[in-house]
Amino acid sequence: MKPIRKAVFPVAGLGTRFLPATKTIPKEMLPVVDKPVIQHVVEEARAAGIEHFIFVTGRGKGAIEDHFDHVFELNATLHQRGRDEDLARLKDNTPLPGRTSFTRQQEPLGLGHAVWCARDLVGDEPFAVLLPDMLHEGVTPCLADMIKERAQHGGQVIAAYEVPEHETHRYGILDLHGETQGTPRIHAMIEKPQKGKAPSNFAISGRYILSPEIFDVLEHQQRGAGGEIQLTDAMVTLMNTVPYHAHLFRGRVFDTGHQLGFLTANIAYALKRPDIGEELRAIIKELM
Ligand code: UTP
């Protein structure tokens, strides 16, 4: 079984739910406490052993590329000021030279199309996809657990988490034939089902381990929900040939792509920080 060495980060979306902030700032660069959301997700991938980081960017997303580069003047200034701890942290956050690639999705035609744009960089090997606006907070990193499950079951692995029934129409939902434990087989999936028609309340949480056959399917994929080329639709086409299993993520998932999810993530991550957590707790109490 080929190992999972590469991860794709689709970051070409317009982030319209976060306007006006995202008029000039990529939504993936908005900070959760003091790290851009994309940094949190790249760290999850690194913790899972990913060696090569592929970003599918778009117009106005140059800050992401700069973020994963060395800033010579800043490094020199921090060193001069004796702030070597900050400098070490910055360097630690930067992938090794040659371990990042950037390609462009010229038009935001949907997540499926963004993943397809990475086909030449991924090549003929299985790979991971991580949606940068979904933060997973668990005992162990989500992607690392998925890679272990793939080693056991083979095929493709999709992470999912439980959402309230009345919210299922907002997500890609898995049909698990009623199984809610272990690493169940996925029998079907549907993007944004109509209210009351969801096959379960397990929603795709933005972490995927896919085989390269998905690129051939995406090449001919028609537009689906929302007029976009959907990754879920392409995965459904492959279901008869490649088995899929669900990684049922039991931690907390924060969808930082909308205001409430973003604010909740900031509060949750900040409360856990030893340097500011206690003070923030007191401030929140006072505000309430
Ligand atoms: P979202 O649908 O959450 O992002 O896609 P969006 O389209 O930027 O958000 P809104 O609805 O306008 O606020 C999930 C991830 O997929 C990327 C986004 O950048 C985001 O990280 N994406 C989405 C692409 O790279 N290309 C696309 O065409 C669509």
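The values are calculated or read from the model by the stated rules, or taken from the named source; none is laboratory data. Predicted model only: the values in this text are computed from it and were never measured. Counting neighbours? That spans all protein chains shown, and the Cβs are built from the backbone with ideal geometry, glycine included. For the accessible areas, the whole protein counts, side chains as well, though only heavy atoms, and no ligand, DNA or RNA atoms are used. Shrake-Rupley method; radii C 1.70, N 1.55, O 1.52, S 1.80 Å.
What the table shows:
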quantity	calculated
Residues of region 8-28 satisfying the condition of being under 20 Å from ASP69 (Cα atoms) and crowded, with 20+ Cβ neighbours inside 10 Å	VAL8, PHE9, PRO10, VAL11, ALA12, PRO26, LYS27, GLU28
Residue match in region 128-150 (condition: open to solvent by less than 10 Å² (accessible area, probe 1.4 Å) and closer than 14 Å to SER200 by Cβ)	no
Search result, residues across region 229-244 that are open to solvent by 20 Å² or more (accessible area, probe 1.4 Å) and not hydroxyl-bearing (Ser, Thr, Tyr)	ILE229, ASP233, VAL236, MET239, ASN240, VAL242, PRO243
Number of the exception - ARG207 against (1) in contact with a helix residue (DSSP H, G or I) (Cβ under 6 Å, 6 or more places away or on another chain); (2) of a type in the set (Lys, Arg); (3) more than 16 Å from the ligand (Cβ to nearest atom)	(3)
Only one of GLU107, GLU125 that is out of contact with any Leu (no Cβ under 8 Å at 6 or more places or on another chain), open to solvent by less than 30 Å² (accessible area, probe 1.4 Å) and either closer than 23 Å to MET146 by Cβ or assigned to a loop (DSSP other than H, G, I, E, B) (or both)	GLU125
In region 164-185, the residues that are assigned to a loop (DSSP other than H, G, I, E, B) and open to solvent by 10 Å² or more (accessible area, probe 1.4 Å)	PRO164, TYR171, HIS177, GLY178, GLU179, THR180, GLN181, GLY182, THR183
Region 63-73, residues that are open to solvent by 40 Å² or more (accessible area, probe 1.4 Å) and of a type outside the set (Val, Ile, Thr)	ALA63, GLU65, ASP66, HIS67, ASP69, HIS70, PHE72, GLU73
Lone qualifier among GLY226, GLY206, GLY196 - being open to solvent by less than 60 Å² (accessible area, probe 1.4 Å) and not polar (S, T, N, Q)	GLY206
Any hit, region 107-120, residues being without any contact (Cβ under 8 Å) to a residue 40 or more places away in the chain and among the aromatic types (Phe, Trp, Tyr)	no
